[in-house]
Amino acid sequence: MSSTGMERLLRQAREIQDGELSKFCARITKLLQQQDSGAEAVDALQRLLLILSATKYRRKLEQPCMNLLQTTLCSTTAPPQLQLLCAAILREMAPVEGLALTCEQAHNSHTLSLVASVLLAQGDRQNEVGSVGRHALQLLEARPPEGPGPRLLLPVLSKVVSLSPGILPEGSWFPPGSGEGLLWQLAQDRSHLPRCGTLVHLSWLCNGGTVPGPADTQYPLLSSPDVQPKTCPSCPRSPGGPAAPEASGLAALCQHPAGVSAAPWERLLCSSDKPGLVTEVDGSVATDFFTVLSTSQRFTEDQRLNVLVFSMLRTWLLLGLPAGLTAVEADDRSELEGSTQSVLSAASATASRLLPPQQQLRAGAFEYCQRILEQSGRRALRRADSDLQKACLVEAVLLLDLLCRQEPSFLYPTLPCLKALLGRLGGDPKQARTLLPVARFLLSHGEAAAVDSEAVCRHLFTSVPAELFPCPMLAFELVQFCRDSLHILGPGLGLLKPSFPNLLKLLAWHSPALTSEFVVLLPSLVDAGTAVELLHALLDLPCLTAALDLQLRLSPMTSEWPLWDISLRPTSCLEGFRDPHFQPLFQFLLRSKAAGSTLRLAPLYRLLQPLAGCARVFQCAQAVPTLLHAFFSAVPHVADAALMSQLALALLERSGSLFPVPQYEDRVHRVLSTQLLGLCRLRPALVVELARDLLGFAGSVSGIRSQEPMFTAVVWAAGEYLTVAHDRRCTVEQVTRFFEALEALLFEVTQSRRSASPPQCQPQVITVLMTTLTKLASRSQDLIPRVSLLLSKLRTLPVGPGDEDTDAVRTRATELTNLLKMPSVAQFVFSPGPEANSSRFHRDATTALPLALRTVSQLVDRETSLLPA
Amino acid sequence: MRPPATSPCLGAMVHAFLIHTLRAPNDKDAGFCRVLYSCVFGAEKSPDDPRPNGAERDRLLRKEQILAVARQVESMCQLQQQASGRSSVDLQPPSSSDEPMSLHDAPHGAFRLAAGDPFQEPRTVVWLGMFSLGFALVLDAHENLLLAESTLRLLARLLSDHLRLLAPGTSLLLRADRIEAILTRFLPHGQLLFLNDQFVQGLEKELSTAWPL
């Protein structure tokens, strides 16, 4: 349906009056009471859902209708289609005050699942989350007959613990050795699960199966014998010698679905729920236990559970365990490593049954992850499966990370696996995203993995962004990785900071999605060594976008769609990109590491001009002011005197040298001027130290027009901070030199203003110039006659009709003249000491400041009224 | 002092799924961004609000939250389309609906929502544009994005196949039951599932039996 058609339907739904709705409710009530209302009821409920969801305001349904919706939802005979719609309607209305629906009304898994979706939407005002959790547990513990029960309820529990971690009674998942609790029970009594199902089912999470299976498995990732704890105990290659033939905790994990075992077909045949032949994603027959990466023509109920359980495993391990078991501080780890009984050694022996359930769960999860790592190396036949392999790999590494935090003895067998994994993934650009959790694992497990973590971080910060920056998801994940890993990067932070030119490529290409991420990340990238270069790089960000665009146009196509704007044909730019004359500049702009110095890119601005108007460059330019503010927020924490003056000089220089994107200069100028004043406020001595540069900048008329905000800021800073009060080194000569330069400038500006009809510069600029001159004069009284003369000329500026600007200039000139008549007051007003900032001066009416201000304003007011007409 | 070891991975589920309209960039006549379907899997805890009509305000807030996500997805998608120079024509379905859809080249992306804006918890949004429809998953901040991305593609593909979204004259507005049926199977209670291709086919067969086209 076209968007106008949908818009019309939505409008109709919104415009339905209360009266019509209540009639419609009556009709629905009648339909729901009939036994076989079928399609008509479905259609009516669809419409009701649309009416409710089309508006954000509440619609009132008649009570009988509300009641029937709830009854139908809980009915055991209603068609599933109707029940789904009833649940959707009640959820759409949530939160509903006085909802009669409770978990007690749901007597089977299917209904409870639907009721839960409604109750969990209520916002937990009546502790619905806990109630849903308890009922789901009860239903699961009631050992329902064979069927999809657990499969429907486990996601409910998963949602419950994620909404409210720790809400389930402690021990309900993992009781300490007792025969109670969900997982324990499922493990103990698996009569409802097909015993001969070949595959791992829920029970393995808590307790291994009891059917030993011979194995002939290779574990390519576990090369050394001491890291083969996962080997099936009855496996002939088991390193620990002949294993006990009886029940083993891990036997179920190593059950072989087909072909290898002596009697697999018997087991298959006796299953009530026969699975198809299980294969790997590459088409070969599976020789190890079933996982989410095993495929089959037909999936059994336990295989479906297996998929579900792996999907939920991280939530369970994180939130389902009793508090305190989930977080092991790194500092405590060494102690634990020494003292804890190794889960692995225990798990690989027959003693596994004696382990507490949490540890059995972890041992099982560990095995599963190992198998996933092995399976993810196979060449998938279908594209969807190859995507799934990557997702599984990420999940397995996240799980291993979690397991190693919870149980440090897993760390030693895990590290070699991850090293092998790194070797496999490192060179493959398609696997870049799966490297991120591996890197995170290596980083968070400290010294044990220091060498590898440094290597993988280097790879992630250099070639990955340089080559793969156009991928939006990779860009987001990599930046998120940097942002979230700041606190664990350690020596990696030393790698991250100089890699900013590479990270900025991601930002330059995906500025809308990544700007807010960089606002958080940038302050951590700023340090004394990188600050100036980073500032230049930020100002050149739109130019970088344009250069990346050219780089992509000249590289072989990697996707079906071009990633750039094909309507633009920047032929001259492309030629320039190859031109040896510009090569060094492009190489510098596209560098992957901080160079330690900066090159002036002005020649590139001209070359890349044709790309300045393209949408991506424009979007990036819009983000720069925000990024500059984020950058400067970090400056006070890292900058010393020398760095501040370098930054101030960079601001002065760059305000006249920016890539000419429409509106870019104006917006950046505003930020630069604010930040320059900010730097001066932080360190007033800057003005004295940089007096020559500031004078050079302010002394030219051209600056007034093209960089007005910056010019105003410089002039204002001179008036504010060029005084011995801020820096003893300030001399009368400096003040005089500034005064003379600005005096000449003001004269020039106002004269041209007199002669030329369109105003040459803004009245703000004139008033700032006047004020600064007066401030300087108040500090060096020889200058007072000169400034008074200048001001008196401005007081007599001719006024045009409706010329409010000139009025403002004249008023300010009069005020300043009057103040200068009392030099001591003028000095106090224009150069108040630091004590003027203390609150006492503002609160206490008897202190000098309010008094002085009152006197001054009286004087100023009186004299203003005497202005010549 | 390090932060608690588990802090970066807390929460690993989908908070909401939504479908909304995507207007072509610069199309001033296309009305507003409309949410066509949304499903929140377990609401965030409601604030203790003693004033009357607290529930009503709560619902209003939730609707606004979902709309805020939809608008942001729309603008992200528009900006991405503009940046790659794709015209609004690409937002229209192909003239013949027999053409196989390649969702791998559809505009897509992810962005983060800070805590409090608009949800209480920080969230990550993964989105996908398919012609004039936007699909988005609002995730807990540290969900497995590779899985979320492929799940979103799968949902978009299933919805377009089973609701015949591309055929003229069909509307998803009056077919919520079918959307619900797809979600309960492929995203039960917001749980992302690791489904391999064969498994998806099995579930799809089951879906087609229960909800014939």
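The values are calculated or read from the model by the stated rules, or taken from the named source; none is laboratory data. Fair warning: this is a prediction, and the values are worked out from it, not measured in the lab. Every residue, glycine among them, receives a Cβ derived from its backbone with ideal geometry; neighbour counts consider all protein chains shown. Note: areas computed on protein heavy atoms with side chains; ligands, DNA, RNA excluded. Shrake-Rupley method; radii C 1.70, N 1.55, O 1.52, S 1.80 Å.
The solvent-accessible area of A:W564, taken with every protein chain present and a 1.4 Å probe, is close to 30 Å².
Per-residue 3J(HN,Hα) values for segment B:113-123, derived from phi via the Karplus relation 6.51 cos²θ - 1.76 cosθ + 1.60 with θ = phi - 60°, read 10, 6, 4, x, 9, x, 8, 4, 8, x, 9 Hz in sequence order (x marks Gly and Pro).
At 1.4 Å probe size, with every protein chain present, just tell me what the per residue accessible area of segment B:153-213 comes to in Å². It would help to have the intermediate numbers written out before the result.
Values: 1990 Å² over 61 residues.
Value returned for segment B:153-213: 33 Å² of accessible area per residue.
Taking 7 Å steps out from each Cα toward its Cβ at A:D807 and A:I566 produces label points 5.9 nm apart. Heavy-atom accessible area with a 1.4 Å probe sorts A:F582, A:F410, largest first, into A:F582, A:F410. Accessible surface buried at the B:A interface totals approximately 8500 Å², computed with a 1.4 Å probe on protein heavy atoms. Applying a threshold of 26 Å to the alpha-carbon distances of A:K793/A:K821; A:K430/A:K593; A:K60/A:K159; A:K505/B:K63 flags A:K60/A:K159; A:K505/B:K63 as lying beyond it. Assuming charge only on the beta carbon of Lys and Arg (+1) and of Asp and Glu (-1), the dipole of segment A:1-72 about its Cα centre is about 300 debye to the nearest 20. For segment A:601-715, the alpha carbon convex hull comes to 104 Å³ per residue, rounded to a whole number.
Just counting partner chain Cβ atoms within 10 Å, what average do the residues of peptide B:50-56 show around their Cβ?
Details: counts 0, 0, 1, 2, 4, 11, 5.
Mean partner-chain Cβ count within 10 Å for B:50-56: 3.
Peptide B:104-111 is shielded by partner chain Cβ atoms: per residue, an average of 5 of them sit within 10 Å of its Cβ. FRET efficiency for A:Y57 and A:R11, Cβ-Cβ distance as r, R0 = 22 Å, nearest 0.05? E(calc), rounded to 0.05, equals 0.90. Solvent-accessible surface of segment A:379-477, taken per residue with a 1.4 Å probe and all protein chains present: 32 Å².
Within segment B:151-188, the residues that become at least 50 Å² less accessible when every protein chain is included than when their own chain is isolated (1.4 Å probe; DNA, RNA and ligands ignored) are B:L173, B:L174, B:D177, B:E180. Take B:Y37: with every protein chain present and a 1.4 Å probe, its accessible area is about 20 Å². Using R0 = 60 Å, the C-beta based FRET efficiency linking A:T4 and A:A142 works out to 0.70. Taken residue by residue and averaged, Cβ atoms of other chains lying within 10 Å of the Cβ of A:110-119 number 2.
Given R0 = 22 Å, the distance between the Cβ atoms of A:R737 and A:D782 translates into a calculated FRET efficiency of 0.95.
In this rough spin-label picture, where each label sits 7 Å from Cα along the Cβ direction, the B:R164-A:E447 distance is 6.8 nm.
Taking all protein chains together and a 1.4 Å probe, the residues A:H629, A:H459 rank A:H629, A:H459 from largest to smallest accessible area. Relative to the current alpha-carbon distance between A:D36 and A:Q751, full extension at 0.36 nm per residue lengthens the span by 248.1 nm.
Per-residue extension of 0.36 nm, minus the Cα-Cα distance of A:D579 and A:S284, leaves a gain of 100.9 nm for this segment. Under a model in which nothing but the beta-carbon of Lys, Arg (+1) and Asp, Glu (-1) is charged, segment A:1-128 shows a dipole of about 360 debye around its Cα centre.
Heavy-atom accessible area with a 1.4 Å probe sorts B:I19, A:I784, A:I167, largest first, into A:I167, A:I784, B:I19. Counting only heavy atoms of the protein chains and using a 1.4 Å probe, B:D58 has close to 10 Å² of accessible surface.
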